[in-house]
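The block underneath contains the structure these notes are about, expressed in structure tokens.
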Amino acid sequence: MKLFQEKPIVEKYSRAKDFVAEYGIGKGDFILASKGVYEKYFAPLGLEAHVEYKGKYGQGEPTDGMIDALLSDFRKAGCERIVAIGGGAVIDMAKILVLGGNAGAEQYFRREVPLKKVRKLIAVPTTCGAGSEVSNVSIAEISGMKSKLGLAVDEIYADAAVLIPELLTELPYFYFATSAIDAFIHAIESFVSPRANLYTEMFSQKAMEMILAGFGRILSEGEEARKELLDDFLTASNLAGIAFGNAGTGMVHAMSYPLSGKYHVAHGEANYQFLTAVFGFYQRECPEGKIGELNRFLGRILGCGETAVYDELERLFDRIIARKKLRQYGMAESEIWEFAASVEKSQGRLLNQSYVRPSAEQMAEVYRKLW
Ligand SMILES: [Fe+2]
């Protein structure tokens, strides 16, 4: 049984120009980037690469249609190496470009065609959440399904994950906070995953510890304090990415997908709606298992008793970003069952990685509680 692997080389540079020089980024490279970050940190370097901005393909998180348009541009450009500079959406989209063949996004995501890695990918994250630079997962909304589908195969690993903390400097507080909470959820979900083991737990625990310490400092010193913590948060997100790349995420991610897919709620924000409700469910269903170890670990960090960790976590995170009722996003009461049934049907990979595998009825109960 495989315990652990970390495929991409992980590198850190203090400045974008050092990375560009080291990798000789230029002619023959296809860069998919977030416009704001590219214009500030890379455009002044006058690179000769083929550059496309993610915004050209659509706002928000990837859809099969957006990836199809990107594939079409990429195939015309005739480049061999791909550089993704952006958040999880940018890196997830770029991961599909490494695959050979002439198929469309939906065929790759549904694994209807052979998946073969034929190109190199360098992933440069500009948020501190997705961990996509080190995971073998790409997530897209498949329009026909009205939900998200994850493609998790080793063929789409990046070859290098390059951390450049200065690229996060302009990240607005809301995106910083939601991506950091997403990273925390990667760490906590992978910690209790049935696929977790000592190797992955070390990464999960260190990531949780760093994120909670960073949040503690932001709460006492204010939002601007994050500017001194970018390296910590980017590293923590990377560690959480390595953890979930090996052990997987679970029910929190699974339940968030219909909400973010249908109502276009940012991934980290959508996830956060479910975090404490799902862990409360785990606690009730199986208090004797691994969750006890998690509760003791979090209790030590949060300075509370192990029975109070989820209340304490909720209090802390609610001060970082506000939570809403699901109905405030537009979700109808009739969708409680619809969402639960769709997760049951299409998110088997994540449900199998959950600490307790929920039934559709149990998921409907969680949706109802949060509705
Ligand atoms: Fe996530």
Among Y257, Y38, Y157: highest mean-square fluctuation, GNM of the chain, C-alpha pairs under 10 Å: Y38
Highest-MSF residue in the chain out of N102, N246, N352 [GNM, Cα springs under 10 Å]: N102
Dipole of region 173-370, positive direction: furthest Cα of S220, L198, P358, with charges on the beta-carbon: P358
Peptides 334-345, 294-305 ordered by average Cβ neighbours within 10 Å, highest first: 334-345, 294-305
For region 173-370: span of alpha carbons on each principal axis (Å, largest first): 44, 35, 30
Estimated 222 nm signal from helices in the chain, with DSSP H stretches of n ≥ 4 weighted -39500 (n - 2.57), rounded to 500: -15500 deg cm²/dmol
Greater than 31 Å apart at Cα, pairs in K227/K369; K206/K227; K35/K290; K227/K345; K206/K345; K2/K227: K227/K369; K35/K290; K227/K345; K206/K345; K2/K227
For region 80-164, with +1 on Lys and Arg beta carbons and -1 on Asp and Glu, the positive-most of A123, I91, L149 along the dipole: L149
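For region 98-156, what percent of Cα pairs sit more than 15 Å apart?
Details: 928 of 1711 pairs.
That fraction is 54 percent.
Nothing charged except the Cβ atoms of Lys and Arg (+1) and of Asp and Glu (-1): what's the magnitude of the dipole of region 1-70 about its Cα centre? Round to the nearest 20 debye.
200 debye
One-quarter of the Cα convex hull surface for region 9-168, in nm²?
8.3 nm²
Which value, to two decimals, describes the C-alpha radius of gyration of region 168-228 once divided by 2.2 N^0.38 Å? Before the final figure, lay out the partial values.
Details: Rg = 13.1 Å, N = 61, 2.2 N^0.38 = 10.5 Å.
Computed over Cα atoms of region 168-228, the ratio equals 1.25.
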Residue of L326, L149, L234 that the Gaussian network model of the chain assigns the largest fluctuation, springs spanning Cα pairs under 10 Å: L326
Cα pair count fraction exceeding 26 Å, expressed as % - the chain: 48 percent
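Tell me the Kirkwood hydrodynamic radius of region 253-368 in angstroms, computed as one over the mean inverse distance between distinct C-alpha pairs. Could the numbers behind the result be given before it?
Working: mean 1/r = 0.0669 Å⁻¹.
After inverting the mean inverse Cα-Cα distance, the result is 15.0 Å.
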Helix 267-285 vs. the chain, principal-axis angle (Cα, 0 to 90°, nearest 10): 30 degrees
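Quote the relative contact order of the chain in percent (integer), defining contacts as alpha-carbon pairs under 8 Å separated by 6+ residues. All intermediate terms of the calculation are to be shown ahead of the outcome.
Working: 684 pairs, mean separation 58.5, N = 371.
Relative contact order comes out at 16 percent.
Every number in this text was worked out from the coordinates using simple rules, so none of it is lab data. These numbers come from a predicted model, not from an experiment. In this analysis, Cβ positions are derived from the backbone assuming ideal geometry, glycine residues included, and neighbour counts consider all displayed protein chains.
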